[in-house]
Each structure stands twice: as structure tokens, then as C-alpha cells.
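The values are calculated or read from the model by the stated rules, or taken from the named source; none is laboratory data. Here the structure is a predicted model, which means the values were calculated and not measured. When we count neighbours, we look across all protein chains shown, and the Cβ atoms used for this are built from the backbone with ideal geometry, even at glycine.
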Amino acid sequence: MADAVTYVIGIDLGGTKVRIAVVSLQGGLVQAETWPTLGEQGPEAVLGTIRNGVQQLLRQAGAGGDAVRGAGLGAPGPLDIHRGTVSVLPNLPGWQGFPLRDRVAGVLGMPVALGNDGNAGALGEHRFGAGRGTQDMVYVTLGTGVGGGIIAGGRLLVGAVGAAGEIGHMVLDPQGPPCSCGRRGCLEAYAAGSGLQRRATLAAQSGRPTMMSEIAATADGAITPHVIQQAARQGDALAQEVLAEAATYLGWGLVSLVHCFNPELVVFGGGLLALRDDMIEPAIALAREQVFEQHRQGLRFAYAGLGEDAGVLGAAALALDAFCGR
């Protein structure tokens, strides 16, 4: 009978989408699906999405609630994982101080382990993806923002208040462009999708010739990372400069990460992997050249092996560790 098998639930909560999975104790993905977060409708709507999604997936798996040990929830930070509360969710306004862990546990009727989404992605890739078998790993996720997580000595580094791994907010130039966090010159302001779009839009408005605006006009008018990439590959000098600047700052960010944590492996994930050849590989080349020789020994770079399931499997791993003694 299906109920004789014990599962955990993984929940990857994002600003626009929530992905939920039923996962076996061995880390196997049994059922998974993605829904709109409905964050603009407030916390109660999001809680309803999570409750209904988990119930639907358990029905599809042929499992009752008593077959589930607990759930893991990865959410954008900053979070207070000890209290289980939200400090700020930039893409979900109105959530400050919300008791996320306990409210999700209440609607699901099961214990919930809460973690930062970047840390969850790192844990997923380390446990089940490109980082399997490593002891020291840095995970860098490049999307709308820049996030990540640190595996040190085979364990996830969470920090004193559970906020470790906010690598997107390393300040690389205090006089640099504004970041969504309110500071200036963060890695995210240069190498995230939002940062690239902001930098390219300002460059296009400077009066220098560029085809980025023309390409953008054929879509929705926004100069997205894809538009920048298209223009750069057609020889647009301004688009090439934007990507080269992003690659340079990402490269120096990698140098700092490697010097701080001495990983054997750096894994890249996120929606900007489409810029692998245009931004990430040049950044890796810079990092290889600039890190200390001692840190260079055995250092490898790789791309995420789990795709969109890194976060949800990492969230499931939080539950496995918290409730199954893994």
C-alpha cells in the first residue's frame, strides 16, 4: 500500500511561483508541480495555495497525510529560522514578521522546517545534484537576484541567526549602482537579472547607439537579459560592455568566495544559466586566474544538475534532516 511508504514534502516558495513536491526518504521525486504564488493577495492566499497543492500531490501519489513525516520550506530571506518568522520578503510585500513556519505547519497539519531558498538550493545540489560527494561547496544562483549557500565540511552553513549565504549582497563597490537591498555596489546590482536590466536600460538611455531598444520593442519593450544577450551576439558594443562588466564583478565575487571558503566545487544555478557563455564562463576564467594558487588546487566549477528542482529537493532535505534523522 502507498501509505506504508513514508514521504516528506518539499516547498520552494518564490515571489511569483511556488513549487511543491512529494519526496521519498531516499530523495526520489514522487510528484511535483508548480503554481502561481498569489503573493499580491496576501499571506492567507499563499497558505491556501500551499495547502491545496500538497493535498493534490498526495492524492496523485496515492498517499494519506499519515504517510508524511513533515515538510521543508525554502523561502526568500532574510528569515529568522529559529523563530520561524519572515524578516522581509522583497517580492511578497506585507509579510514582515509573519510566522511563516508555524502557519504553514498549521494548514498542513505537520511539522515544518524552514530555510532560506538559496540555502535550500545549495543543500539540494549537494545532496542530490552536481555537488554529490563533495565536502566543501559554494552554490551560486543567478536569477532575478543573486543568492546562494555554503556547504562546509559536508554541512550546510546557516550562521548565527540562519542568515548565512547572502552572497548577492557582498558589496564590491560602495559607490556602485543601487541594489534592491538599499545599498550600493552589491554583486546582485551587477550580475542579477534585475541588475543587468537596470544597467542596460540606463546605458541605452545615455544616447550611445545600441540595438537593445530596437530588439526590446519587438517583445514587451523591456531590455531583459535575453535582449542584452541577443544584441551582444549581433555585435552591439554597448550590450557587450554590460555583459563584460557583469562578468568582471561576478568573477571578483567568485574570487572572494573562494578565498573565504576554499571550496572544492562552485555550482551555478538559476534562470541566468542561459548567459553561461556570455557572462558566467568569462567570470570563471577571471576567478581561475586571480585566486591564490593554493586555493586553485583541485578547484572545480559546475552547473546545477537538478534544474528547477534544486530548491524543492533542498527543502525536502531540510525535512529529512529535521524529522527523519538524516
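Among all positions in the stretch 266-280, there is at least one residue which is within 22 Å of the chain's Cα centre (by Cα) and farther than 28 Å from T201 by Cβ.
If you filter the stretch 288-308 down to residues that are under 19 Å from C260 (Cβ atoms) and of a type in the set (D, E), you find that the one that is surrounded by the most Cβ atoms within 10 Å (Cβ to Cβ) is E289.
None of R208, R183 is basic (K, R), in the same structural domain as D278 (by TED's automatic domain parsing) and farther than 20 Å from P76 by Cα except R208. The conditions of being within 21 Å of A32 (Cα to Cα), outside any strand (DSSP E or B) and not assigned by TED's automatic domain parsing to the domain that holds M137 are not met by Q96.
The listed residues are L257, L313, L318, L272, and the only one of them that is in contact (Cβ under 8 Å) with a residue 40 or more places away in the chain, within 30 Å of R19 (Cβ to Cβ), buried (at least 19 other Cβ atoms within 10 Å of the Cβ) and touching a Lys or Arg at 6+ places or on another chain (Cβ under 8 Å) turns out to be L313. Can you tell which of A203, A231, A283, A247 is assigned by TED's automatic domain parsing to the domain that holds G176, farther than 27 Å from P174 by Cβ and either of a type outside the set (S, T, N, Q) or part of a helix (DSSP H, G or I) (or both)? Checking each option against the conditions leaves just A231.
Any residue at all in the stretch 219-226 that's crowded, with 21+ Cβ neighbours inside 10 Å and under 17 Å from T144 (Cβ atoms)?
Yes: one or more hits.
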